[in-house]
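Asker: Quick one: this structure, given as structure tokens, is what I'll be asking you about.
Each value in this text was obtained by applying a stated rule to the coordinates, not by laboratory testing. Bear in mind that the values here come from a model prediction, so they are computed numbers and not experimental data. Because the Cβ atoms are built from the backbone with ideal geometry, glycine has one as well, and the counts that use them run over all protein chains shown.
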């Protein structure tokens, strides 16, 4: 081996070399939001445990969510859930054979990004405008 | 002793009907999670700014408790299947893969147990 110094072999094109098409971006974002939602489930668990433990734990949980970092985390959770929901429906449509043509897939891909941001943004807008809290 | 190859023995016997199990489970949980997620978002918005008492009343309602429990369990099942796929795709090392698989299922079971215990504590009083 040593007497034949390895020539640098050309590699076949991989992820880093391609211009990112919309479908590639939606695919990897679906995965990333899915993994991130594991953290979302931890948040749900923390919420339920806080409620079950009494006012002090509950108020601590609420005050943590009210901090700027808490609000960013919450928005991330809301957007990840919205994205995974909307793009999940797109995937289900594909499974049933609809929307597979590339121009259509590109259009629905952009739509998924826009719609998920509108859903998460709308949720926060309603909350900040005082339109939430109708169950108290 | 037969001289048939294993492949020849099973040839023509048809499918074992388990090959698409993971695929189907992932799709069925996904479909179930569409209405449950919408319900969860509407409920979360409705509870924004609520005092603990209002949340206790909301979660004590059997319908809400069951819907939330269902949302959490199906989400965790769907999550465990998805994370498994990610691990299988990106982790080549067998030992580390096994570790992540155990972590994955352990996480889902622990979060499910914690959530159900908290829900039971809230609603069965």
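Asker: Within 10 Å of each Cβ in A:47-56, how many Cβ atoms from other chains are there, averaged over the peptide?
Answerer: Taking all residues of A:47-56 together, the mean is 6.
Asker: Does a label point 7 Å from the Cα of residue A:67, set along Cα-to-beta-carbon, have any residues of segment A:34-50 with amide nitrogen under 11 Å, and which are they?
Answerer: In segment A:34-50, the label zone of residue A:67 (backbone N under 11 Å from the point 7 Å along Cα→Cβ) covers no residue.
Asker: Return one number: the angle in degrees, 0 to 90 and rounded to the nearest 10, between the long axis of the Cα atoms of helix A:102-128 and the longest principal axis of the Cα atoms of chain A.
Answerer: For helix A:102-128, the angle is close to 20 degrees.
Asker: Using a Gaussian network for chain A with springs between C-alpha atoms less than 10 Å apart, which of these wobbles most: A:112, A:86, A:51?
Answerer: A:51
Asker: If packing is taken as the average count of other Cβ atoms within 10 Å, what order do B:23-31, B:5-13 fall into, highest mean first? Walk me through the numbers on the way to the answer.
Answerer: On the way: B:23-31: 14.3, B:5-13: 8.7.
Highest to lowest by the protection proxy: B:23-31, B:5-13.
Asker: Let me ask another. Going by C-beta contacts inside 10 Å, put B:91, B:53 in order with the fewest on the left. Kindly include the intermediate steps, with their values, before the conclusion.
Answerer: Values: B:91 15, B:53 11.
By the 10 Å Cβ count, ascending: B:53, B:91.
Asker: Per residue of A:120-129, count partner chain C-beta atoms within 10 Å of its C-beta, then hand back the mean as an integer. Could you put the intermediate results ahead of the total?
Answerer: Values: counts 1, 0, 1, 5, 2, 0, 2, 4, 1, 0.
Mean shielding count: 2.
Asker: What's the exposure ranking of A:94, A:20, A:46, going from fewest to most Cβ atoms within 10 Å?
Answerer: On the way: A:94 13, A:20 9, A:46 17.
Fewest to most other Cβ atoms nearby, the residues stand as A:20, A:94, A:46.
Asker: Tell me the label-point distance for the pair residue A:104, residue B:86, using the 7 Å Cα-to-Cβ offset, in nm and rounded to one decimal.
Answerer: Placing both labels 7 Å along Cα→Cβ, they lie 3.0 nm apart.
Asker: Simple spin-label model, 7 Å along Cα-to-Cβ: residue B:20 to residue A:9 in nm?
Answerer: Rounded to a tenth, the inter-label distance reads 3.8 nm.
Asker: Which of A:36, A:101, A:120 moves the most in a Gaussian network model of chain A with Cα springs under 10 Å?
Answerer: Sorting by GNM fluctuation, first place goes to A:101.
Asker: Compute the relative contact order of chain B as a whole-number percentage, counting only Cα pairs closer than 8 Å that sit 6 or more residues apart in sequence. The partial results should precede the final answer.
Answerer: Values: 55 pairs, mean separation 38.7, N = 125.
Taking the mean separation of contacting Cα pairs over the length of chain B, I get 31 percent.
Asker: Residues of segment A:21-37 with the amide nitrogen closer than 18 Å to a label point 7 Å from the Cα of residue A:111, along Cα-to-Cβ, please.
Answerer: In segment A:21-37, the label zone of residue A:111 (backbone N under 18 Å from the point 7 Å along Cα→Cβ) covers A:22-27, A:30.
Asker: OK, next. I'd like the mean, over residues of B:51-60, of how many other protein chain beta carbons sit within 10 Å of each residue's own Cβ.
Answerer: Working: counts 6, 11, 3, 3, 9, 4, 2, 3, 3, 0.
If you average over the peptide's residues, the count of other-chain Cβ atoms is 4.
Asker: Now for a separate question. For segment B:1-68 and segment A:2-79, write down the distance between their C-alpha centroids in whole Å.
Answerer: For segment B:1-68 versus segment A:2-79, the Cα centre distance is 21 Å.
Asker: Right, here's the next one. Helix B:21-46 against the longest principal axis of chain B: what's the angle in degrees, Cα atoms only, rounded to the nearest 10?
Answerer: It is inclined by approximately 10 degrees.
Asker: Could I ask something else about it? Nearest 10 degrees, 0 to 90: what angle lies between the long axis of helix A:22-53 and the longest principal axis of chain A (Cα atoms)?
Answerer: Here the helix axis deviates by roughly 30 degrees.
Asker: Between segment B:89-121 and segment A:98-122, what is the separation of their alpha carbon centroids in Å?
Answerer: When both Cα centres are located, 31 Å separates them.
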